[in-house]
Amino acid sequence: MRILVVEDEKKVASFLKKGLEEEYYAVDCAYDGEEAFYMLEVNDYDLVVLDIMLPKMDGLEVLKRVRDNGLSLPVLMLTARDSVEDIVRGLDAGCDDYLTKPFAFAELLARVRTLLRRKEREPLGELRVVDLTLDPLTRRVSRGGEEIELTAKEYALLEYLMRHANRVVTRTMISEHVWDYNFDPMTNVIDVYVNHLRKKIDSGFPHKLIRTIRGVGYMLKG
């Protein structure tokens, strides 16, 4: 899952980026409203963490323009204001949830997970394809009852494939949701990571789950 963090305080943005990346999300940062709106126009994000108080264009105006452009991605709004009026303005502008500063990072993570589940219409609990299971809460992956150790990026790639099981996903789709803004589409990094996953997920099993769709991308097929 790829998240845009919009926060003008760079230390706070860096803290959020690091914490979210440790939870296997791909994260980009924007530091003012105009930059945020531009990035939302040119990239495909799964969720936005959006501060209200921003230079150049405040968070409420960014949100209004996003919704006016028909973008329906979930938005978690951060605000230093906890008055009912400010909260109502945010909800009326189209945010899906809000969090008042200062906040516990664990609470932010819980709200992010809830919004992403709602977006994907995924029930709480593990993902399963044949005998391969992935638990988004514990980050545990196993096949045939045997636990599999994955790196953060391998896990993020597998989760994306499992959430789109039995559907073809292109390299572009993978890069947009698993890697961040600095990803170079001319590299073969995605193919390398898919091969790493194959060795860990399919090696030793007669039924191979990860399929290459030549000229298009990949499919995790049950």
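The values are calculated or read from the model by the stated rules, or taken from the named source; none is laboratory data. A quick note: this is a predicted structure, and the numbers were derived from the prediction, not measured. Every residue, glycine among them, receives a Cβ derived from its backbone with ideal geometry; neighbour counts consider all protein chains shown.
What to note about this one:
- The set of residues from segment 202-221 being in contact (Cβ under 8 Å) with a residue 40 or more places away in the chain and touching a Lys or Arg at 6+ places or on another chain (Cβ under 6 Å) comprises ILE210, GLY217, MET219, LYS221.
- Hey, LYS208 surrounded by 11 or more Cβ atoms within 10 Å (Cβ to Cβ) and in a loop (DSSP other than H, G, I, E, B) or not: yes
- Total residues in segment 113-127 satisfying the condition of being at pLDDT 80 or above and touching a strand residue (DSSP E or B) at 6+ places or on another chain (Cβ under 8 Å): the figure is 5.
- ALA106 vs. criteria among the small types (Gly, Ala, Ser) and in the same structural domain as GLY204 (by TED's automatic domain parsing): no
- The single condition among (1) at pLDDT 90 or above; (2) acidic (Asp, Glu); (3) in contact with a strand residue (DSSP E or B) (Cβ under 8 Å, 6 or more places away or on another chain) that GLU154 does not satisfy is (3).
- Residue in segment 183-193 that is touching a Phe, Trp or Tyr at 6+ places or on another chain (Cβ under 8 Å) and of a type in the set (Phe, Trp, Tyr) present: no
- Selection count where residues are under 23 Å from the mean Cα position of the chain (by Cα) and closer than 21 Å to LYS64 by Cβ, scope segment 82-117: 11
- Residues being farther than 17 Å from LYS221 by Cβ and either of a type in the set (Val, Ile, Thr) or out of contact with any Asp or Glu (no Cβ under 9 Å at 6 or more places or on another chain) (or both) - total across segment 139-174: 12
- Test: residue in segment 116-125 that is aliphatic (A, V, I, L, M), surrounded by fewer than 12 Cβ atoms within 10 Å (Cβ to Cβ) and either under 26 Å from SER72 (Cβ atoms) or not assigned by TED's automatic domain parsing to the domain that holds ASP97 (or both): yes
The rows are residues; the columns are (1) exposed (fewer than 14 other Cβ atoms within 10 Å of the Cβ); (2) in a helix (DSSP H, G or I); (3) touching an Asp or Glu at 6+ places or on another chain (Cβ under 6 Å); (4) polar (S, T, N, Q).
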site	(1), (2), (3), (4)
MET57	no, no, yes, no
LEU73	no, no, no, no
LEU78	no, no, yes, no
GLY90	no, yes, no, no
TYR98	no, no, no, no
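- Conditions (1) in contact with a helix residue (DSSP H, G or I) (Cβ under 7 Å, 6 or more places away or on another chain); (2) farther than 14 Å from LEU108 by Cβ: number failed by GLU35: (1)
- Where a residue in segment 149-175 is at positive phi and assigned to a loop (DSSP other than H, G, I, E, B) and its partner, wherever it lies, is at pLDDT below 90 and of a type in the set (A, V, I, L, M, F, W, C), with Cβ under 9 Å and at least six apart: none
- Residue that is farthest from VAL5 (Cα to Cα), among those in segment 60-71 that are within 20 Å of the chain's Cα centre (by Cα) and part of a helix (DSSP H, G or I): ARG67
- Positions within segment 1-56 being under 15 Å from MET77 (Cα atoms) and either among the polar types (S, T, N, Q) or in contact (Cβ under 8 Å) with a residue 60 or more places away in the chain (or both), in sequence order: ILE3, GLU7, LEU16, ASP46, LEU47, VAL49
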